[in-house]
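Step one of this worksheet: look at the structure below.
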Ligand SMILES: C[S@@+](CC[C@H](N)C(=O)[O-])C[C@H]1O[C@@H](n2cnc3c(N)ncnc32)[C@H](O)[C@@H]1O
């Protein structure tokens, strides 16, 4: 047992080194700096925000500096037990570090599983949503059911719109005609709910 306690930090360090060699940068942002500035400015302060697909919590942490966040992600590892090139337990550690001392409620489940709970039991409307989970047409269509729980005049933000045809097709078909486009920065499109 004592030997294991001694070896564990070394094991973790070697794993970390391996990730660096493979150029997996744990500090890299899924959302670019200019997208983030636009997102945070639009969400404002003192708001309640839902994030679908929070991954390691890099954006969650930044939104939660001035807001409370409901972060939803099943964090499912691939067949090799990895998520984003990391061991799942390391992902949880990074996520928990990112959200420590922040007002974050974590639903460790898919967006639709969380929606069923919210739709049956909670039903509260919130100020904004950041949709950044699975980037396919059908998945974003399902995720957009959450818009029902965004207040009128609230914020609806979609990430990776420009880079994924499925997301862009859905947003152009269903969101653009219904809500007011506030702006686009790179692949981030933000709307005000009408
Ligand atoms: C692009 S990453 C999110 C990045 C994160 N928003 C950020 O800014 O750091 C996509 C995430 O969506 C999650 N995801 C995939 N399918 C999902 C679903 N059905 N519901 C919620 N999250 C999902 C994945 O586990 C992954 O962590």
(request) Give me the number: length gained by fully extending residue 66 to residue 32, i.e. 0.36 nm times residue separation minus the C-alpha to C-alpha distance, one decimal in nm. (result) 10.3 nm
(message) Using only Cα atoms and rounding to the nearest 10 degrees, what angle (0 to 90) does helix 88-99 make with the longest principal axis of the chain?
(response) 60
(message) Nearest 500 deg cm²/dmol is fine: what mean residue ellipticity at 222 nm does the chain get from its DSSP H runs of n ≥ 4 alone, each adding -39,500 (n - 2.57), divided by its residue count?
(response) -10500 deg cm²/dmol
(request) Measure nothing fancy, just the Cα-based angle from helix 33-43's long axis to the longest principal axis of the chain, in degrees from 0 to 90, nearest 10. (result) 50
(request) Would you mind telling me the antiparallel percentage of the DSSP bridges in the stretch 116-191, rounded to 5? (result) 60
(request) Can you tell me the 0 to 90 degree angle between the C-alpha axis of helix 2-21 and the longest principal axis of the chain, rounded to 10? (result) 50
(message) Test of understanding: ordering 94, 72 by Cβ neighbours within 10 Å, fewest first, what list do you get?
(response) 94, 72
(request) Compute the relative contact order of the stretch 72-194 as a whole-number percentage, counting only Cα pairs closer than 8 Å that sit 6 or more residues apart in sequence. (result) 20
(message) Suppose we keep just the DSSP beta bridges with both residues in the stretch 30-192; what percent of those would be antiparallel, to 5?
(response) 40
(request) Using the number of other C-beta atoms within 10 angstrom as an exposure proxy, rank 159, 179 with the fewest first. (result) 179, 159
(message) Checking the a/c ratio against 1.5 first, then a/b against b/c, what shape does the Cα gyration tensor give for the stretch 30-192?
(response) rounded
(request) Would you look at the GNM of the chain, springs on alpha carbons closer than 10 Å, and say which of 161, 176, 69 moves the most? (result) 176
(message) Which one, 130, 174, 38, has the greatest fluctuation when you compute a Gaussian network model over the chain with C-alpha springs under 10 angstrom?
(response) 174
(message) Starting from 0.36 nm per residue, how many nanometres of slack lie between residue 192 and residue 120 once their C-alpha separation is accounted for?
(response) 23.4 nm
(message) Within a 10 angstrom radius of the beta carbon, how do 89, 113 rank from fewest other beta carbons to most?
(response) 89, 113
(request) Report, for the stretch 34-105, the % of DSSP beta bridges that are antiparallel, rounded to 5. (result) 20
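Here, each number is a calculation from the coordinates, and none is a lab measurement. Bear in mind the structure is a predicted one, so any value in this text is a computation, not a measurement. Counting neighbours? That spans all protein chains shown, and the Cβs are built from the backbone with ideal geometry, glycine included.
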